[in-house]
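Participant: This is the structure I want to talk about, given as structure tokens.
The values are calculated or read from the model by the stated rules, or taken from the named source; none is laboratory data. Just so it is clear, the model here is predicted, and its values are computed rather than measured. We place every Cβ from the backbone using ideal geometry, glycine too, and count neighbours over all the protein chains shown. When the accessible area is computed, the model is the full protein with side chains, heavy atoms only, and any ligands, DNA or RNA have been set aside. Shrake-Rupley method; radii C 1.70, N 1.55, O 1.52, S 1.80 Å.
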Amino acid sequence: MYLGQLEAELARAGIRGGRRARIIAEFRDHLDCSPDADLGEPGAIAVQFADELGTSFARTAAFRAFLALALAGLLVAVRLVALIPLDANGFSSADSVALLVSLLAGQVALVAGGLGLVRALQLRGRGAIPRQEAAVLARRAGVGLTAGAATIVAFPITQIYRAHPGAVALVSHPTNWLWPVASGIGLVALLVAAPAVIRASRLRPQTDGPAGDLLADLGPLQHVAARISGGSVNRLALIVGAMLAIVVALAGVAAGDPYDGILRGLLESCIFLGFYAALGRYLGIRRSGPATALADP
Amino acid sequence: MEAEQLKGHLDGLIIAVVASEPKHGYAVIESLKTRSQGRLELPEGTIYPALHRLERNGLLASEWSDTGRRRRVYRLTDKGERELGVRRQRWREFAATVEAVLA
């Protein structure tokens with residue numbers, strides 16, 4: 001009777017398969033040892049399992065996604081170095097679009113994965129986090145991995161062969177073997193991290209509570225940022241976008257091409273604000289309610 | 001002593017009772033009761049989420065034992081042993097501080 005109720009509650013809380021079977025086996029053994037034991041209310045036990053396991057899964061997903069993205073990012077950098085000897089004039093328009101997609105996805109991966117790591121570090125040491133917070137961690141990890149994969153595959157290897165007139169065989173030029181090897185290892189790294197993200201998406205804590213936002217992500221700097229932005233995350237995003245435009249424009253000035261710098265700065269700022277508008281709420285960067293800082297552990 | 005008062009200490013108590021020898025869940029509860037002379041009161045089922053969490057954090061390891069009855073047996077890992085040392089030291093300092101003030 002008790003075990004049946006516990007099994008149903010565990011299923012309701014999202015605990016499946018081997019984990020659920022193991023919990024039931026442990027409780028069965030306990031009841032065999034002490035049939036009158038006070039094991040607690042099945043619903044409460046299931047929620048406790050979901051809260052603690054879901055918290056652990058969400059944090060693990062964020063850490064693994066970031067590690068995979070760091071490795072993939074390094075390999076993308078290797079690929080970009082390999083790209084340097086290529087003749088840019090040989091690029092087709094499809095190559096240019098693919099490269100642009102790759103660069104945009106790369107930035108999304110960097111931001112999502114990085115923010116996931118930051119939030120996971122801030123939540124380290126907490127026994128259980130709210131369901132909304134765990135969802136943010138899983139989404140950041142998932143978006144990071146997806147965008148990372150897009151970064152790698154957006155520029156198909158066949159196109160780079162075509163772009164490089166002298167390329168006829170994999171070993172004929174470093175460009176040719178570096179690309180597939182770096183892409184392959186990067187994709188494998190992302191795939192290895194994917195199960196942790198899927199696990200975190202399937203088992204979430206059951207306890208409700210607020211998730212942090214961009215201000216909370218800033219950790220010890222959040223009070224300074226809140227003062228500058230008046231506590232508004234939207235205003236903070238606008239300030240960051242403007243600063244981004246200024247920094248990139250100044251870099252263009254320093255490089256002797258202010259017009260190009262200003263254009264790039266505006267483009268980067270638009271990309272950032274577009275990302276904020278499109279994915280901000282989904283990734284727990286902005287919230288509909290008033291901003292709240294993460295509670296102390 | 002009720003469950004609420006144990007918050008923050010349960011993990012340390014569990015790894016302390018597992019440190020002496022590997023134990024299954026029921027034996028962990030019994031050991032907690034015996035060593036506290038019956039003063040620890042908590043719903044016994046709450047020990048299992050804690051055991052799973054400690055295992056995921058690398059402080060405990062577990063395996064099935066089939067000696068007569070199939071049960072999950074937990075043992076302390078090297079990391080758990082280090083953590084136990086840290087917690088013991090921290091507790092002694094805390095207890096000494098509170099004692100110095102209260103006495």
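Participant: For A:Gly17, all conditions in the list (1) at the interface with chain B (Cβ under 8 Å from one of its Cβ atoms); (2) out of contact with any Asp or Glu (no Cβ under 7 Å at 6 or more places or on another chain) hold save one; what is the number of the exception?
Facilitator: Condition (1) is where A:Gly17 drops out.
Participant: Same structure, new question: Taking the stretch B:44-72 only, how many residues are open to solvent by 30 Å² or more (accessible area, probe 1.4 Å) and more than 9 Å from chain A (Cβ to nearest Cβ)?
Facilitator: So the count comes out to 5.
Participant: Answer yes or no: is there a residue in the stretch A:177-190 that is closer than 26 Å to A:Arg124 by Cβ and part of a helix (DSSP H, G or I). Let's see the steps before the verdict.
Facilitator: Step one: of the stretch A:177-190, the residues closer than 26 Å to A:Arg124 by Cβ are A:189-190.
Okay, now just the ones that are also part of a helix (DSSP H, G or I), so A:189-190.
Scanning the stretch A:177-190, I find at least one residue that is closer than 26 Å to A:Arg124 by Cβ and part of a helix (DSSP H, G or I), so the answer is yes.
Participant: Is it true that B:Gly12 is outside any strand (DSSP E or B) and at positive phi?
Facilitator: Against the criterion (outside any strand (DSSP E or B) and at positive phi), B:Gly12 does not qualify.
Participant: When you scan the stretch A:216-270, how many residues do you find that are aliphatic (A, V, I, L, M), over 30 Å from A:Val101 (Cβ atoms) and under 21 Å from the mean Cα position of the chain (by Cα)?
Facilitator: First pass over the stretch A:216-270, keeping only residues aliphatic (A, V, I, L, M): A:216, A:218, A:221, A:224-226, A:228, A:233, A:236-240, A:242-251, A:253-255, A:262-263, A:266-267.
Among the residues that remain, those that are also over 30 Å from A:Val101 (Cβ atoms) are: A:216, A:221, A:224-226, A:228.
Still in the list and also under 21 Å from the mean Cα position of the chain (by Cα): A:216.
Matching residues across the stretch A:216-270 total 1.
Participant: Tally up the residues in the stretch B:34-81 that are on the phi > 0 side of the Ramachandran plot and out of contact with any helix residue (DSSP H, G or I) (no Cβ under 7 Å at 6 or more places or on another chain), please. Please lay out each step first, then the result.
Facilitator: The initial filter retains those residues of the stretch B:34-81 that are on the phi > 0 side of the Ramachandran plot, namely B:37-38, B:58, B:68.
Keeping just the survivors that are out of contact with any helix residue (DSSP H, G or I) (no Cβ under 7 Å at 6 or more places or on another chain) gives B:37-38, B:68.
The total comes to 3.
Participant: Sticking with this one: Only one residue in A:Val188, A:Val181, A:Val168 is modelled with pLDDT of 85 or more and either open to solvent by 60 Å² or more (accessible area, probe 1.4 Å) or under 21 Å from A:Gly54 (Cα atoms) (or both), so which one is that? Write out each step before concluding.
Facilitator: Details: A:Val181 fails: modelled with pLDDT of 85 or more; A:Val168 fails: modelled with pLDDT of 85 or more.
The conditions single out A:Val188.
Participant: Which condition breaks for B:Glu21 when tested against (1) touching a Phe, Trp or Tyr at 6+ places or on another chain (Cβ under 8 Å); (2) open to solvent by 30 Å² or more (accessible area, probe 1.4 Å)?
Facilitator: So the condition that B:Glu21 fails would be (1).
Participant: What's the total number of residues in the stretch A:90-120 that are assigned to a helix (DSSP H, G or I) and either touching a Leu at 6+ places or on another chain (Cβ under 8 Å) or without any contact (Cβ under 8 Å) to a residue 60 or more places away in the chain (or both)?
Facilitator: Let us first name the residues in the stretch A:90-120 that are assigned to a helix (DSSP H, G or I), namely A:90, A:93-120.
Cutting the leftovers down to either touching a Leu at 6+ places or on another chain (Cβ under 8 Å) or without any contact (Cβ under 8 Å) to a residue 60 or more places away in the chain (or both) gives us A:93, A:96-97, A:99-103, A:105-106, A:108-110, A:112-117, A:119-120.
Looking only at that region, the number is 21.
Participant: Is there a residue being in contact (Cβ under 8 Å) with a residue 60 or more places away in the chain and either part of a strand (DSSP E or B) or β-branched (Val, Ile, Thr) (or both) anywhere in the stretch B:71-80? Before you say what the answer is, go through the steps one by one.
Facilitator: Narrowing the stretch B:71-80 to residues in contact (Cβ under 8 Å) with a residue 60 or more places away in the chain: B:76, B:80.
Next cut, either part of a strand (DSSP E or B) or β-branched (Val, Ile, Thr) (or both) only: B:76.
Yes, the stretch B:71-80 contains at least one residue that is in contact (Cβ under 8 Å) with a residue 60 or more places away in the chain and either part of a strand (DSSP E or B) or β-branched (Val, Ile, Thr) (or both).
Participant: Filter the stretch A:20-32 down to the residues that are more than 8 Å from every other protein chain (Cβ to nearest Cβ) and not hydrophobic (A, V, I, L, M, F, W, C), then identify the one that is surrounded by the most Cβ atoms within 10 Å (Cβ to Cβ).
Facilitator: So in the stretch A:20-32, the residues more than 8 Å from every other protein chain (Cβ to nearest Cβ) come out as A:20-21, A:24, A:28, A:31.
Checking the rest, the ones that are also not hydrophobic (A, V, I, L, M, F, W, C) come to A:20, A:28.
Details: A:Arg20: 18, A:Arg28: 16.
Filtering first and then ranking leaves A:Arg20.
Participant: Suppose we keep only residues that are farther than 22 Å from B:Arg92 by Cα and open to solvent by less than 20 Å² (accessible area, probe 1.4 Å) within the stretch B:24-43. Which one would you say is farthest from the other protein chains (Cβ to nearest Cβ)?
Facilitator: B:Val28
Participant: When residues of the stretch A:33-47 are filtered for being facing chain B (nearest Cβ under 7 Å) and either part of a loop (DSSP other than H, G, I, E, B) or open to solvent by 50 Å² or more (accessible area, probe 1.4 Å) (or both), how many remain?
Facilitator: Restricting attention to the stretch A:33-47, the residues satisfying the condition of being facing chain B (nearest Cβ under 7 Å) are A:33-34, A:37-40, A:45.
Subset that is either part of a loop (DSSP other than H, G, I, E, B) or open to solvent by 50 Å² or more (accessible area, probe 1.4 Å) (or both): A:34, A:37-40.
Summing the residues that are facing chain B (nearest Cβ under 7 Å) and either part of a loop (DSSP other than H, G, I, E, B) or open to solvent by 50 Å² or more (accessible area, probe 1.4 Å) (or both) in the stretch A:33-47 gives 5.
Participant: Working carefully through the options A:Ala251, A:Ala242, A:Ala226, A:Ala277, find the one that is crowded, with 16+ Cβ neighbours inside 10 Å and either at pLDDT 85 or above or of a type outside the set (A, V, I, L, M) (or both).
Facilitator: Working: A:Ala251 fails: crowded, with 16+ Cβ neighbours inside 10 Å; A:Ala242 fails: crowded, with 16+ Cβ neighbours inside 10 Å; A:Ala277 fails: crowded, with 16+ Cβ neighbours inside 10 Å.
Step by step, each of A:Ala251, A:Ala242, A:Ala226, A:Ala277 is checked, and only A:Ala226 is crowded, with 16+ Cβ neighbours inside 10 Å and either at pLDDT 85 or above or of a type outside the set (A, V, I, L, M) (or both).
Yes/no matrix, rows are residues, columns are (1) touching a residue at least 60 places away in the same chain (Cβ under 8 Å); (2) within 11 Å of chain B (Cβ to nearest Cβ); (3) crowded, with 16+ Cβ neighbours inside 10 Å:
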{"residue": "A:Glu7", "(1), (2), (3)": "no, no, yes"}
{"residue": "A:Phe49", "(1), (2), (3)": "no, yes, yes"}
{"residue": "A:Glu52", "(1), (2), (3)": "yes, yes, yes"}
{"residue": "A:Phe63", "(1), (2), (3)": "no, no, yes"}
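Participant: Can I ask one more? Can you name every residue in the stretch B:64-98 that is under 19 Å from A:Leu31 (Cβ atoms), at pLDDT 90 or above and out of contact with any Ser or Thr (no Cβ under 9 Å at 6 or more places or on another chain)?
Facilitator: Within the stretch B:64-98, B:Trp64 is the sole residue that qualifies.
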